[in-house]
Amino acid sequence: MERIYGWTGRLLRVELPSGAFNETPTIDYAYDFIGGRLLASRIYWDEVSQATKALDPDNVLMFLPGPLAGTQAIGCSRWVVSAKSPHSYPDQYGFGNGGGFFGAALKHSGFDGLIISGKAKSLSYILVENEKVEIKDASFSQIY
């Protein structure tokens, strides 16, 4: 595999209805779309149709840190969350960014980003840990 500095080399895709996981090579995007925000924009325009509404299962929710997240570079542990958003009327592409440990933790788990599609059958969460991915039950009865 070609070495791409700052990237782990793979994006994690989670399809909630089937519970399937697959990977997309980061190299498909990394040279032309550097950083979480630009990468999220490209994936959005490739995968979300104009007819998709913000709360439709066809929408894609993305969490993408930049290439320097998880490194010792100062102030670079930023990440972007992006999807078609109901924040604007009509529904439009939207993004927000955050800092802290999430972006670095996602990179250290072995992935350059998390792309979620579909609607889960029940209340659940995605556990990404040491390159292992699971969809776990998050119903109230499981908490107590």
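The values are calculated or read from the model by the stated rules, or taken from the named source; none is laboratory data. Please read these numbers as outputs of a predicted model, since none were measured by experiment. Please note: Cβ atoms are built from the backbone with ideal geometry, for glycine as well, and neighbour counts cover all protein chains shown.
Look through A120, A104, A83, A69 and report the one residue that is touching a residue at least 12 places away in the same chain (Cβ under 8 Å), within 27 Å of S18 (Cβ to Cβ) and not in a strand (DSSP E or B).
On the way: A104 fails: within 27 Å of S18 (Cβ to Cβ); A83 fails: not in a strand (DSSP E or B); A69 fails: within 27 Å of S18 (Cβ to Cβ).
Within the list A120, A104, A83, A69, the selection yields A120.
Just one of the listed residues (R78, R37, R42) is modelled with pLDDT of 90 or more and either within 26 Å of A138 (Cβ to Cβ) or surrounded by 13 or more Cβ atoms within 10 Å (Cβ to Cβ) (or both), namely R42.
Among the candidates A104, A69, single out the residue that is small (G, A, S), surrounded by 18 or more Cβ atoms within 10 Å (Cβ to Cβ) and in contact with a helix residue (DSSP H, G or I) (Cβ under 6 Å, 6 or more places away or on another chain). First the steps, then the outcome.
Details: A104 fails: in contact with a helix residue (DSSP H, G or I) (Cβ under 6 Å, 6 or more places away or on another chain).
Every option except A69 fails the conditions.
Within the range 21-36, at least one residue is outside any loop (DSSP other than H, G, I, E, B) and hydroxyl-bearing (S, T, Y).
Can you give me the number of residues within the range 21-32 that are within 15 Å of the chain's Cα centre (by Cα) and either under 21 Å from G118 (Cα atoms) or surrounded by fewer than 17 Cβ atoms within 10 Å (Cβ to Cβ) (or both)? Selection size over the range 21-32: 5. Within the range 4-20, being part of a loop (DSSP other than H, G, I, E, B), crowded, with 16+ Cβ neighbours inside 10 Å and among the aliphatic types (A, V, I, L, M) holds for one residue alone: L16. Tell me, which residue of the range 45-54 that is closer than 30 Å to A138 by Cβ and of a type in the set (S, T, N, Q) is surrounded by the fewest Cβ atoms within 10 Å (Cβ to Cβ)? Filtering first and then ranking leaves S49. For the range 46-66, the tally of residues that are farther than 14 Å from S117 by Cα and in contact (Cβ under 8 Å) with a residue 12 or more places away in the chain stands at 3. Restricting attention to the range 107-144, the residues being more than 21 Å from G6 (Cα to Cα) and touching a helix residue (DSSP H, G or I) at 6+ places or on another chain (Cβ under 9 Å) number 3.
May I ask you to list the residues in the range 90-101 that are in contact (Cβ under 8 Å) with a residue 12 or more places away in the chain and either surrounded by 16 or more Cβ atoms within 10 Å (Cβ to Cβ) or in a strand (DSSP E or B) (or both)? Can you show your working first?
Pass one, the range 90-101, residues in contact (Cβ under 8 Å) with a residue 12 or more places away in the chain: 91, 93-101.
Within the range 90-101, D91, Y93, G94, F95, G96, N97, G98 qualify.
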